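Structure record follows, encoded as structure tokens.
Derivation of every value follows stated rules applied to the coordinates shown; laboratory data play no part. Computed from a predicted model, the values in this text were never measured in an experiment. Cβ: placed from backbone, ideal geometry, glycine included. Neighbour counts: every protein chain shown.
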Amino acid sequence: MKTLYHFTNLSKTLYSVILILQIFTFYCSNAQKLYSDKGQVFDFKNLKQNKASIIIFFDPECPICEKYTKNIIEMDKMYSEVGIEIYIIYPFKILEAKSLSAFRDEFKFNLPIIYDPKRKLLKKLKAKYSPEVFLLDNKQKTLYHGAIDNWFYGLGRNRAVPTEFYLLDAINAFKNNQNIKFKYVEPVGCML
């Protein structure tokens with residue numbers, strides 16, 4: 001009878017351990033997953049499928065981000081064809097549907113916006129501004145981060161047109177297996 005009792009306790013303990021491991025595995029596998037406003041799943045581990053990835057911390061209510069929408073859409077069209085994907089990250093709670101819809105209509109912005117309400121990705125990459133860009137290779141190594149270009153040189157202060165294109169230069173250097181001239185350029189934008 002004692003043997004059966006010990007076996008039953010051992011079975012319960014083993015079952016509990018297996019259950020805890022399954023819950024832990026499920027939690028860990030979902031811990032890196034974020035969701036877009038279009039219902040898509042973003043998992044940081046999937047970036048290895050891209051030749052490179054551009055992560056842009058973005059706030060639709062930031063005036064500087066609003067000005068960059070056209071440039072971001074053009075970059076997405078240009079680079080997605082060669083395996084470089086753009087991910088727009090909103091590091092706050094979910095946007096109100098009405099204001100997001102108004103933003104999309106006004107700026108013709110059709111890219112998915114990925115929500116990072118717990119700021120996991122923001123903390124991982126140590127982003128501080130919107131817009132702030134990160135060019136990552138397929139091993140998730142940061143090749144460049146910071147400003148998109150030198151269009152803005154202060155809050156509310158910008159040139160008529162940019163004269164330096166930090167992100168585009170970094171992408172072209174990466175594509176041509178050349179050294180990236182600037183690894184970081186201080187971004188100008190809204191604090192995150």
Checklist line | Derived scalar couplings ³J(HN,Hα) [segment 90-95; Karplus, 6.51 cos²θ - 1.76 cosθ + 1.60; whole Hz; x for Gly, Pro] | finding: 10, x, 9, 5, 4, 5
Margin query: How many angstrom lie between the Cα centre of segment 53-78 and the Cα centre of segment 136-192?
Written below: 13 Å
Next item on the list: Give a residue-ordered list of calculated ³J(HN,Hα) values for segment 181-188 (Karplus: 6.51 cos²θ - 1.76 cosθ + 1.60, θ = phi - 60°; whole Hz; x for Gly, Pro).
Entry: 4, 10, 8, 8, 9, 3, x, 10
Margin query: What distance in nm lies between label points placed 7 Å from Cα along the C-beta direction at LEU168 and GLU186?
Written below: 2.4 nm
Check: Using modelled amide H (1.01 Å from N, peptide plane; none on Pro or chain starts), what sits under 5 Å from the amide H of TYR129, excluding residues fewer than 5 places away?
Finding: LEU192
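Among VAL161, VAL133, VAL185, which comes first, second and so on when ranked by fewest other beta-carbon atoms within 10 Å? Before the final figure, lay out the partial values.
Values: VAL161 8, VAL133 26, VAL185 19.
The most exposed by this proxy come first: VAL161, VAL185, VAL133.
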Check: What residues have an amide H closer than 5 Å to that of ASP116, excluding those fewer than 5 places away on the same chain, when H is modeled at 1.01 Å from N in the peptide plane?
Finding: TYR90, PHE92
